[in-house]
Amino acid sequence: MTTAPVTAALFDLDGTLLDSRAAVIDAYRLAARAYPNGLENLAAIPEGRLLAMRVIECCALIAGPALAEDCAVRYDENYRLRTRKKVQVYPGVVEALAALRTEGIRLGVVTNKGLARTPGDIAPLDGHGNGAELFDVVVTAADTVERKPSPRPIQWALEKTGWAPGWAVYVGDGPHDAQSAFGAGLSFVGAGWGYYGLADLKAAGADVVCQDVGELVDAVRGALGAGI
């Protein structure tokens, strides 16, 4: 008897499952206060770039290369201890993840976020503070040298789980997410409610673009071949 293949949905975190924009910006602002011209340097970084870059890269612009590591430590501490309370789960995400799990679709997270900040952000995704239990795999910036748009983080998730790329889909809000997914051989569902918007996702070649979270479950079903 042939065993049915595992179907899986991997998710980006920031801008897809969570709106962490305010928490990120405020954590940088608090860190920047410790350095001469830090706030001015921070203000010169476009918001889109600030949200997309690695923390150490942003901190090099804020505090200077010599103090980038020190700034990154301050940022991490500020995010975890002071500004995380501003992180919001997008409305409908908890219900969508629960629905996918109920249908037997396995779930994972692949994020460029650092390891220390990720568990606390994942916790509320089940609505009860135990969000980590939803996911079979969580890949962070600590797991691979490469980050998205490289396909390597997604490939690492597949290697850890044994999931086949042809039976998995990646959901993200940016063109770099699409590039990573396609490079790893996955279908890509665009989260149009996130930081980048519908036009950028369509231009990146998304198989499906959702305008809001209410369309997510059907989009994942469709991308996995179940039919929308």
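The values are calculated or read from the model by the stated rules, or taken from the named source; none is laboratory data. Keep in mind it's a predicted model, so treat the numbers as computed, not measured. A quick note on method: Cβ atoms are made from the backbone with ideal geometry, for glycine too, and the neighbour counts reach across all protein chains shown. Side chains included, ligands, DNA and RNA excluded: accessible areas come from the protein's heavy atoms. Shrake-Rupley method; radii C 1.70, N 1.55, O 1.52, S 1.80 Å.
Tabulated values for the structure
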{"read-out": "Residue satisfying all of: in region 62-118; in a helix (DSSP H, G or I) and of a type in the set (Asp, Glu); surrounded by the most Cβ atoms within 10 Å (Cβ to Cβ) among these", "value": "Asp76"}
{"read-out": "Selection from region 170-226 of residues that are in a loop (DSSP other than H, G, I, E, B), of a type outside the set (Gly, Ala, Ser) and touching a strand residue (DSSP E or B) at 6+ places or on another chain (Cβ under 7 Å)", "value": "Asp173, Leu186, Asp207, Leu224"}
{"read-out": "Ser150, sole failed condition from (1) under 21 Å from Gly48 (Cα atoms); (2) buried (at least 18 other Cβ atoms within 10 Å of the Cβ); (3) polar (S, T, N, Q)", "value": "(2)"}
{"read-out": "Close pairs from region 184-206: first touching a residue at least 60 places away in the same chain (Cβ under 8 Å) and farther than 24 Å from Glu159 by Cβ, partner open to solvent by 20 Å² or more (accessible area, probe 1.4 Å) and not basic (Lys, Arg), Cβ under 7 Å, at least 6 apart", "value": "Trp193/Tyr90; Trp193/Asp212; Tyr195/Leu51; Tyr196/Pro175"}
{"read-out": "Conditions (1) in contact with a Ser or Thr (Cβ under 9 Å, 6 or more places away or on another chain); (2) modelled with pLDDT of 95 or more: number failed by Leu158", "value": "(1)"}
{"read-out": "The listed residue being in contact (Cβ under 8 Å) with a residue 40 or more places away in the chain and either crowded, with 22+ Cβ neighbours inside 10 Å or touching a strand residue (DSSP E or B) at 6+ places or on another chain (Cβ under 7 Å) (or both), out of Leu134, Leu158, Leu125", "value": "Leu125"}
{"read-out": "Region 30-53 - residue that is in contact (Cβ under 8 Å) with a residue 40 or more places away in the chain and part of a helix (DSSP H, G or I) and, of those, least open to solvent (accessible area, probe 1.4 Å)", "value": "Ala31"}
{"read-out": "The one condition in (1) hydrophobic (A, V, I, L, M, F, W, C); (2) closer than 26 Å to Thr102 by Cα; (3) open to solvent by 30 Å² or more (accessible area, probe 1.4 Å) that Val145 fails to fulfil", "value": "(2)"}
{"read-out": "Positions within region 156-215 being touching an Asp or Glu at 6+ places or on another chain (Cβ under 7 Å) and either of a type in the set (Phe, Trp, Tyr) or at positive phi (or both), in sequence order", "value": "Trp156, Tyr170, Phe188, Trp193, Tyr195, Tyr196"}
{"read-out": "Of residues in region 3-29 being in a loop (DSSP other than H, G, I, E, B) and at pLDDT 95 or above, the one most open to solvent (accessible area, probe 1.4 Å)", "value": "Thr7"}
